[in-house]
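The values are calculated or read from the model by the stated rules, or taken from the named source; none is laboratory data. Owing to the predicted nature of the structure, the values given are computational and were not obtained by experimental measurement. Neighbour counts run over all protein chains shown; Cβ positions are idealised from the backbone, glycine included.
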């Protein structure tokens, strides 16, 4: 592993300084005046604030916006203040169809800012609102590059929340906004009394499908260009000090959980009823303005929404995103990619077993932020034992720093998983991303894992991982992504996630894109060609191969279309089951398939994403149809759903599978603080139905009352002839209250 040693040496001796953005730094004026925080920025307080004017991002880049906006920013010793007048030629065009906390739908009008608080060109914190005045905050990582993977593994993390306030008001001309963001909720670095951050400002105007931004964000950087930290304007604040508050959040929870569990013979159920009265504690302490410690005791995540049911037609594991709040603060710093959704560290390994069941957590500690020039993250968590898994300790330590230029980084990571029976797992890795010129980036990742005794870090390639890629990031003109990865036969990150083990091979994508300009009805379109080959390390035989062209079209009215045609090769060395009656046997398969993705304009009251795929499938055929509609009935009621139908047929083996997954979600928003949500999911392959009811009262950040009811019910197909029937597999009711004190 000579390359690993070289990278470690480079990591230790790199002393290049990251270059600042080439744009002029804007100094924001401080303010000692008084503010009547009512959502209308008409006080004298705002007259000395820095103003910003927006330009159109889409549908016609750099054109004058159809609706005028004036944005203000200032600050005092405690808060960063943002305000805006958002005018309309006809205020009846305002669309306000949600009061939901962290609303993801793009149907309502919205306004917000993103702050790259370390000015590192990769990460940002977003603070948005809509005409109803709800808080929408999320974290951006990886410079808003769309990260591949199932189940929504993107660079936007809506599970991140922090302390801040916003108010809105309606006027004769439109609506107005006032935001108040405590500096204690931001992580930043002070140098010589100055703090520099990257700033992006966004406004969406739904009736004309328009996005306005500051600064101008060129569409050639992709659909997420308006939230890319590397395109932000650097602003400067002077004399800012962090008050370093301590937030103490005790909780108390009561309820019951009833289970019907199958015996080993799978002929009868054992019933148990567990009544609970428990409590715990979370503590957040800002050690410095850029270093935060989180502590947790008797950690509880029962209020977190269940994972979405999916149909898996592959040989590989599905990736599910992390939703638990404790793991969200600066979570991107722990990211160490292994290709696709695979990661060296995956926080869902902590407190969630291989079957998706939750395990109690005694507690733990988490430290994130910046030390000097280094971004760092540390976590240590201790889980409780259950009937199958012993009590385990999970640890991760991560460092990254900027090198050469403002878009290049090197980093290192170490993970551990330790149990009392001395079955321990360790891993470490070194990675780098280098902007070599213009829009071209080179990425290198090297990692190793140990055996179960934790003593096998050596020069062998068996327990090593290596990947390298060269990509050009642009939606206009010629772009490409060339990569190669290798995962050794014994490489197994037991604190991470791997979708494919012990494989190696290249992947290439070539793309040419057009931005046709003001006169066209199209916003952008491109053609691409992808080729992928993956070989098993054990015998160097082909595991998977895929080749084919694709076309993508994005219209100015908000329609999106993508068509892919593929020639596939699958070398199945171990037969696998699609369900209990359908099996794919050992063989080498060659077949053709196609896929069509359609997205309707998200600015409409009813929007939907639809997918159609089909063709040959191994030695048979398959057809899959899915739809994800969202209906905004009013500012208080939102309905959303998901339906997937997959038909697989192998005529030569007389095997047929019809898979249906149905999900319906209902949300009623009494106001921005009180909401009622429920959903029901049905998966005929798993033969059970999942339902959930949740009432949340959130008067302010950190204070929450939850009433939660979950139920898993078997369908008729769940039971064999020799099995007794039960009405439910699991029922859980919980009443939980969290109250945050600031010390």
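Table for the structure above
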{"quantity": "Selection from the stretch 350-379 of residues that are on the phi < 0 side of the Ramachandran plot and not in a strand (DSSP E or B)", "calculated": "350, 353, 354, 355, 357, 359, 360, 373"}
{"quantity": "Subset of the stretch 93-116 that is in contact with a helix residue (DSSP H, G or I) (Cβ under 8 Å, 6 or more places away or on another chain) and buried (at least 22 other Cβ atoms within 10 Å of the Cβ) - its residue that is farthest from residue 670 (Cα to Cα)", "calculated": "116"}
{"quantity": "Candidate set from the stretch 184-208 (those that are free of Cβ contacts under 8 Å to residues at least 40 places away in the same chain and on the phi < 0 side of the Ramachandran plot); member that is surrounded by the fewest Cβ atoms within 10 Å (Cβ to Cβ)", "calculated": "191"}
{"quantity": "Residue 498 touching a strand residue (DSSP E or B) at 6+ places or on another chain (Cβ under 8 Å) and buried (at least 19 other Cβ atoms within 10 Å of the Cβ)", "calculated": "yes"}
{"quantity": "Search result, residues across the stretch 228-247 that are at pLDDT 90 or above, in contact with a helix residue (DSSP H, G or I) (Cβ under 6 Å, 6 or more places away or on another chain) and surrounded by fewer than 22 Cβ atoms within 10 Å (Cβ to Cβ)", "calculated": "230"}
{"quantity": "Per-region count, the stretch 276-307, residues at pLDDT below 90 and under 30 Å from residue 665 (Cα atoms)", "calculated": "10"}
{"quantity": "Members of the stretch 699-715 found to be touching a residue at least 24 places away in the same chain (Cβ under 8 Å) and closer than 22 Å to residue 660 by Cβ, listed by number", "calculated": "710, 712, 713, 714, 715"}
{"quantity": "Qualifying residues in the stretch 514-540 (those that are touching a helix residue (DSSP H, G or I) at 6+ places or on another chain (Cβ under 8 Å) and outside any loop (DSSP other than H, G, I, E, B)) - the one nearest to residue 319 (Cα to Cα)", "calculated": "524"}
{"quantity": "Members of the stretch 72-92 that are under 14 Å from residue 172 (Cβ atoms) and either free of Cβ contacts under 8 Å to residues at least 40 places away in the same chain or out of contact with any strand residue (DSSP E or B) (no Cβ under 6 Å at 6 or more places or on another chain) (or both)", "calculated": "89, 90, 92"}
{"quantity": "Lone qualifier among 579, 564 - being surrounded by 16 or more Cβ atoms within 10 Å (Cβ to Cβ) and without any contact (Cβ under 8 Å) to a residue 40 or more places away in the chain", "calculated": "564"}
{"quantity": "Number of the condition not met by residue 216 [criteria: (1) assigned by TED's automatic domain parsing to the domain that holds residue 68; (2) surrounded by fewer than 18 Cβ atoms within 10 Å (Cβ to Cβ); (3) assigned to a strand (DSSP E or B)]", "calculated": "(3)"}
{"quantity": "Which numbered condition residue 574 fails, given (1) assigned to a strand (DSSP E or B); (2) at pLDDT below 95", "calculated": "(1)"}
{"quantity": "Qualifying positions in the stretch 31-88 - under 11 Å from residue 176 (Cβ atoms) and part of a loop (DSSP other than H, G, I, E, B)", "calculated": "38, 39, 40, 41, 42"}
{"quantity": "Flag if residue 349 is touching a strand residue (DSSP E or B) at 6+ places or on another chain (Cβ under 8 Å), surrounded by 23 or more Cβ atoms within 10 Å (Cβ to Cβ) and within 27 Å of residue 501 (Cα to Cα)", "calculated": "no"}
{"quantity": "Condition check for residue 161: within 19 Å of the chain's Cα centre (by Cα), under 23 Å from residue 375 (Cβ atoms) and surrounded by fewer than 22 Cβ atoms within 10 Å (Cβ to Cβ)", "calculated": "yes"}
{"quantity": "Residue within the stretch 329-342 that is over 26 Å from residue 711 (Cβ atoms) and surrounded by fewer than 16 Cβ atoms within 10 Å (Cβ to Cβ) present", "calculated": "no"}
{"quantity": "Yes/no for residue 155 being at pLDDT 85 or above and in the same structural domain as residue 70 (by TED's automatic domain parsing)", "calculated": "no"}
{"quantity": "Flag if residue 596 is at pLDDT below 95, under 25 Å from residue 562 (Cβ atoms) and either part of a strand (DSSP E or B) or in contact with a strand residue (DSSP E or B) (Cβ under 6 Å, 6 or more places away or on another chain) (or both)", "calculated": "no"}
{"quantity": "Of the criteria (1) touching a strand residue (DSSP E or B) at 6+ places or on another chain (Cβ under 6 Å); (2) surrounded by fewer than 17 Cβ atoms within 10 Å (Cβ to Cβ); (3) farther than 30 Å from residue 191 by Cβ, which one residue 326 fails", "calculated": "(2)"}
